[in-house]
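*Asks:* Mind having a look at this structure? Questions to follow.
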Amino acid sequence: MTFSSLDDAALNQLFRNARTYNAWKDEPIDDALLHKLADLMKLGPTAANSTPARIRFLKTDAAKQKLAPHLSEGNRAKT
């Protein structure tokens with residue numbers, strides 16, 4: 001099996017410069033972009049495919065309020 005290397009720009013974006021974001025812009029995200037992201041996430045490795053991602057796109061305030069009690073208290077404000 002032959003493997004190719006990622007260039008420095010890709011390595012920087014994925015590992016060297018990647019950070020966790022704790023604040024977000026108050027702007028809507030296009031549904032097409034969300035679905036594109038979800039499709040990419042499906043390809044990611046998991047522990048023997050035993051931890052699949054479960055994705056919900058919550059856009060309304062009512063839906064977000066319904067989710068809030070199920071979040072860890074430290075994550076509620078930034079989620």
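*Asks:* As an exercise, use a Förster radius of 30 Å and the Cβ-Cβ distance of Q13 and K66 to find the FRET efficiency, rounded to the nearest 0.05.
*Replies:* On the way: r = 34 Å, r/R0 = 1.14.
Here the calculated transfer efficiency is 0.30.
*Asks:* Tell me which of I55, L37, S72 sits at the most positive position along the dipole axis of the chain, charges placed on C-beta atoms (Lys, Arg +1; Asp, Glu -1).
*Replies:* Value: S72.
*Asks:* Here is a follow-up. So, for the chain, what is the accessible surface per residue at a probe of 1.4 Å, expressed in square angstrom? Let's see the in-between values first.
*Replies:* Working: 7870 Å² over 79 residues.
Dividing the accessible area of the chain by its residue count gives 100 Å².
*Asks:* Given only helices, namely DSSP H runs of n ≥ 4 each adding -39500 (n - 2.57), what is the per-residue ellipticity at 222 nm of the chain, to the nearest 500 deg cm²/dmol? The partial results should precede the final answer.
*Replies:* Numbers: 3 runs with 22 residues, N = 79.
Computed ellipticity for the chain at 222 nm equals -7000 deg cm²/dmol.
*Asks:* Using heavy-atom solvent-accessible surface (probe 1.4 Å) with all chains present, what is the largest-first order of L40, L71? Numbers along the way, then the final one.
*Replies:* Values: L40 110, L71 40 Å².
So the residues, ranked largest to smallest area, are L40, L71.
*Asks:* Given charges of +1 on the Cβ of Lys and Arg and -1 on the Cβ of Asp and Glu, with all other atoms neutral, how large is the dipole of the chain about its Cα centre, in debye to the nearest 20? Provide the component values of the computation, followed by the final result.
*Replies:* Working: 12 positive and 9 negative charges, 70 e Å.
It works out to roughly 340 debye.
*Asks:* Ignoring any ligand, DNA or RNA, what whole percent of the accessible area of the chain comes from carbon and sulfur when the probe is 1.4 angstrom?
*Replies:* Working: 4390 of 7870 Å².
The computed percentage sits at 56.
*Asks:* Kindly provide the chymotrypsin sites (Phe, Trp or Tyr not before Pro) of the chain that DSSP labels as loop, not H, G, I, E or B, and whose Cβ sees at most 16 other Cβ atoms within 10 Å.
*Replies:* Working: sites: F3, F15, Y21, W24, F57; in loops: F3, Y21, W24, F57.
Passing sites in the chain are F3, Y21, W24, F57.
*Asks:* Expressed in nm², what is the orientationally averaged projection area of the convex hull enclosing the Cα positions of the chain? Before the final figure, lay out the partial values.
*Replies:* Numbers: hull surface 32.4 nm².
Answer in nm², one decimal: 8.1.
The values are calculated or read from the model by the stated rules, or taken from the named source; none is laboratory data. Given the structure is predicted, the values throughout are model-derived calculations rather than measurements. Every residue, glycine among them, receives a Cβ derived from its backbone with ideal geometry; neighbour counts consider all protein chains shown. With ligands, DNA and RNA removed, areas are computed over all heavy atoms of the protein, side chains included. Shrake-Rupley method; radii C 1.70, N 1.55, O 1.52, S 1.80 Å.
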